[in-house]
Each structure stands twice: as structure tokens, then as C-alpha cells.
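The values are calculated or read from the model by the stated rules, or taken from the named source; none is laboratory data. Keep in mind that what you see is a predicted model, and the values were worked out from it rather than measured. Neighbour counts run over all protein chains shown; Cβ positions are idealised from the backbone, glycine included. Accessible surface is based on the protein model in full, side chains and every heavy atom, while ligands, DNA and RNA are left aside. Shrake-Rupley method; radii C 1.70, N 1.55, O 1.52, S 1.80 Å.
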Amino acid sequence: MPANDRTTSGWSRRGFLTATGLGAAGFGLSLPARRADAAPRERRTASNLIFMVADGMSAGTLAMGNLLRQQIHAKRSSWIDLMHNERTVRALIDTRSADSFVTDSAASASAWSVGSLVNNGAISTLPDGKPLSPILLTAKEAGLATGLVTTTRVTHATPAAFAANVGDRNLEQEIASQLLDRGFDLVIGGGARFFKGLPLDAHRVIRSRNEMHAIAPDENERILGLFTDSHMHYEVERPDSEPSLVEMTRFALRNLSKRKGGFALQIEGGRVDHAGHNNDPAGLLYDQLAFDDAIAAAAEFTLSRDDTLLIITTDHGTANPALTDYTTAGAAGFERVHAFKQSFEWIDAQVAQAPDRSANELANIVNKATGLTIRDTEAELLARWFAGDRTVDPFALANKQFGPLGSIISNHTAIAFLSPNHTCDFVELTALGPGSSRVKPHMAINEVHKVLRAALDLPGAKAL
Ligand SMILES: [Zn+2]
């Protein structure tokens, strides 16, 4: 890695292009020839930032996502592929927050956004209650175009912390107001319910995949995409009316790259975390693959030019899932996930409508969703749990969310989950592009902010 990548003004375009050209081979891309009349570098080392978050992605999720990609598509995942690019820099991130070894998404995303550790639940607001300018607001004031893409509600913790300030992540109505008032260029995801009654007239509002695709490439208005009332669907059961994460990613890159002044864009695969909480292997792995498709699009964009910093990471582990069987039964179990058609949320909704929630009824619902035939003893445990018995599993935490359902499915897939909670694990960060050499092998999560800020040559987060 050339050391000249480190300074704001002395960064070498030639060095970067040469090295990227070698690295781009994995994606089969050819790079544009260096323009002889290229202007001298601007003050920023990168014109664009793409910051990608697979929310709540434990190391086992990354590994199993890669395995599933190999089984289904006979190639490694795009994230792993990018790690083989010689220009890529990697780090392990310590995600602890100001008040907990185990962070939540609000505290982690705030640390990226403002550069300080905050308490769990706080959105770009310090433990003393002081709000700091979130990075998209700072970027907007510096003349960059700004965007948020997520599969959760756009008011959910991760996108919120890049754009808003509230003491409590649950104040999503207030977050929605701030998203509108602050005038970001592109905000797309779920969460229409928090925008009801708010003035949307300054925005081009889109409500479906078709409406998104109908927008002209050079649309210059502020775009607000609200595809669902709450979170968008898991990829495993996503309806055609909702765009996939890679479609949203391509749309955002096309739109923001046509606006003036460079851009800062956060892209979140937000429901990897939810599936982890639910101990739901199909929800988890298909959303991880959807995120990986988005990585391919972002990497293609980044590798085709020399002015974009791409960072791909997660905010914490969730539930630390793993394939945990040494024998061929493990491989056979993992392959059973290919046939899963529905998430645990879908199972829960079906159970809610089942007349008597008998063991037999529950076994049939699980079969419809997964293709699995669970044992009678498993169906009886499930009936007890759905009837309200929260002591089915001797590990008390494991009775939360859909723990017992997850454990029963584990018997058939060999994919086991630690708990329904976040974990303190160090997490992966992968970076590529101008400014990436500031990434160190092991960093506290708020130190990532300095990498973003220096790459875009932004001032520090100011008190609001
Ligand atoms: Zn979570």
C-alpha cells in the first residue's frame, strides 16, 4: 500500500489507479484510462463515500453466507472476493459503546457518525445529552450529495444516526421530521408509518419498486422512498412490489453520482440483525446474500473509478450463529436451508391465526415454511412455548424471541444460535479506495469516523 494515500493533498491518482487496476481483476472490470488532462486533486482525498452495514452480522453469518453463495451460485461471496483484492484493507472493530460492552445499533452507528462513543439507544447524542452534527449533515453542509438506503424503516437506528439527533432511538416520528427538515437528497427503505401527517411536498415520494425504476436517471429532486409501512420484507419472502437491496443500491449510486459535489451514502442490510435475534437461518442467510449482491454493485462502482471510498462493515454480532456439526450430516443440514420459503416472522403470523395451536398444527406450519418434518417431541415443545411457557429452554435468554423454534430447526440444519441478543465480538471492516490506508488492523468503533472524515476532508462533528 503506497504511503502517499495518507495525506489529503498529496494523494497520488496514478498510484491508486495502478494498484486498483491489478485488484480489479477479480471483478473482471477494466478501468478507464487515466485522463491526461486530469485536474489536480481537490482537497478531499475521496469525492464519494459508500458506507455499507450488514447490521448485526456475526462472523459465522459472513462464513455461512459465503458457503450458501458457493452452493447456490458456485462462486465465493462478493465480500470475500473483495478481500482478495490486493488494494483492500481490513480491520477488526471493537464495538463497545459508552455504557456497555455489548452495543446496540444506535450507539455503533452514532460512533461512526460523530466520532464519539455514546450510550446504547442514543442517536448521535453524547451521554451528557449534547447532540453532535451527524456525518451526513456535515457532508451536506460541505456540498456533498447525501443518501440513506436501508431494508429497515428509514427511521431505524442505523440510518438515523447518520442523519438525525435524538436521545432515544425509539423517537422515530421525530427522526422522520429531521430526515425531512434536513433535506437529504435520497432516503429509501421502509417506515411510511412515521411519515403520516408530515409535509412531504418538498420530496419526490416513491412507494413501490416500479415507481423507483420509473425515476429518470438525472432526477435532481429530493427522493423519499417508503416501500412499506414498517420494515421491508426479508429477502426470502420479498414481494415483487418491493425493490431488492441491490436494486436500491444501483438506483442510489446512479442518482447520487449524477449530482454535483461528490456524495456520502450509507447502505444498510438491516434485517440480518432481526433474523439473528429471531434465530431464523433462512431470514438471516438470504438477507446476507442480498447484502452481498449490493456489495457487488458498490464494488463495481468503486473499482470503475478512482474517487470513491468503499467501507463494508457491521455494527455488532447478533446471536453468533454457526454451522456446528463435523459430520456429513452438517453439510446435509445446511443444504436444507435451500428449500426454506418463509421467515420465522411468517411462521409466527400463521401461528397467531391457528385455531388451537396444537402440536400437529404447529408442525404443519413449520413444514409449509421450511419443508422440514419436525419430530413429535419437538412439536410438543413448540406448542408449550407458543402457549406461553417461557421455560422450555434451560438457558433463560433462549426462551426470548423465537428461541425454541430456532433450536428445533437447528436439530435439522446444524445451524445453531448463541442467544437472541447482540454480542461483544470484534467485527469485520473491509475498505477500498482513497483514504482506506488510515484503517488500522484493530480499531475502536468511533475511530472509524476519523477515516470517513479525513477521506472526505470534512470538519469534525460540531455541537448543535
Ligand atoms: Zn439488533
TODO: Report, in deg cm²/dmol and to the nearest 500, the calculated mean residue ellipticity at 222 nm for the chain, where each DSSP H run with n ≥ 4 adds -39500 (n - 2.57) and the sum is divided by the residue count.
DONE: -11500 deg cm²/dmol
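With Cβ to Cβ distances under 13 Å as the rule, what net charge do the other residues near Ile135 carry (K, R +1; D, E -1)? Please list the in-between numbers first.
Details: positive: Lys140, Arg182, Lys450, Arg453, Lys462; negative: Glu141, Asp457.
After counting each charged neighbour, the total is +3.
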Open item on the list: Using a 10 angstrom Cβ neighbour count of at most 12 plus a DSSP loop assignment to flag exposed chymotrypsin sites (Phe, Trp or Tyr not before Pro), which longest range of the chain is free of such sites?
Closed with: 102-325
- [ ] With all protein chains present, calculate the accessible area of Lys368 using a 1.4 Å probe and round the result to the nearest 10 Å².
- [x] 140 Å²
Open item on the list: Counting only protein heavy atoms and a 1.4 Å probe, tell me what percentage of the chain's accessible area is made up of carbon and sulfur.
Closed with: 51 percent
- [ ] Quote the FRET efficiency, to the nearest 0.05, computed for Lys75 versus Leu200 with a Förster distance R0 of 56 Å and r equal to the Cβ-Cβ distance.
- [x] 0.85
Open item on the list: Based on alpha-carbon centroids, what's the gap between the range 326-370 and the range 41-104 in Å, whole number please?
Closed with: 30 Å
- [ ] Go through Arg357, Arg390 and list them by solvent-accessible area, largest first, probe radius 1.4 Å.
- [x] Arg390, Arg357
- [ ] Write down the accessible area per residue of the chain in Å², having rolled a 1.4 Å probe over the full set of protein chains.
- [x] 39 Å²
Task: Proximal charge balance of Asp325 [Cβ under 14 Å; K/R count +1, D/E count -1] - done: 0
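Output the pairs from Lys140/Lys258; Lys130/Lys462; Lys130/Lys196; Lys368/Lys400; Lys258/Lys440 with a Cα-Cα distance over 21 Å in this structure; if there are none, say none. Please report the intermediate quantities before stating the final value.
Details: Lys140/Lys258 15 Å; Lys130/Lys462 10 Å; Lys130/Lys196 28 Å; Lys368/Lys400 23 Å; Lys258/Lys440 32 Å.
From the list (Lys140/Lys258; Lys130/Lys462; Lys130/Lys196; Lys368/Lys400; Lys258/Lys440), the Cα-Cα distance tops 21 Å for Lys130/Lys196; Lys368/Lys400; Lys258/Lys440.
Sort Ser257, Ser436 from largest to smallest accessible area, using a 1.4 Å probe on the heavy atoms of the protein chains.
Order by accessible area, largest first: Ser257, Ser436.
Using only the heavy atoms of the protein chains and a 1.4 Å probe, how would Asp280, Asp181, Asp218 rank by accessible area, largest first? Before the final figure, lay out each step's value.
Working: Asp280 0, Asp181 130, Asp218 105 Å².
Descending accessible area places them as Asp181, Asp218, Asp280.
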Open item on the list: Please compute the contact order of the chain in relative form: average sequence separation of alpha-carbon pairs under 8 Å and at least six residues apart, divided by the residue count, as a percent.
Closed with: 27 percent
TODO: Helix by helix through the chain, keep the DSSP H runs that span 20 Å or more along the axis on Cα and average at least -0.5 on Kyte-Doolittle, and give those back in order.
DONE: 59-73, 281-303
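Would you please give the FRET efficiency between Asp99 and Ser358, computed as 1/(1 + (r/R0)^6) with r the Cβ-Cβ distance and R0 = 41 Å, to the nearest 0.05? If you can, show how the numbers build up before the last one.
Working: r = 45 Å, r/R0 = 1.09.
Result of the calculation: an efficiency of 0.35.
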Task: Accessible area of Asp389 in the full protein assembly, 1.4 Å probe (Å², nearest 10) - done: 40 Å²
Open item on the list: Counting only Cα atoms, I'd like the Rg/Rh figure for the range 326-416, Kirkwood definition for Rh.
Closed with: 0.96
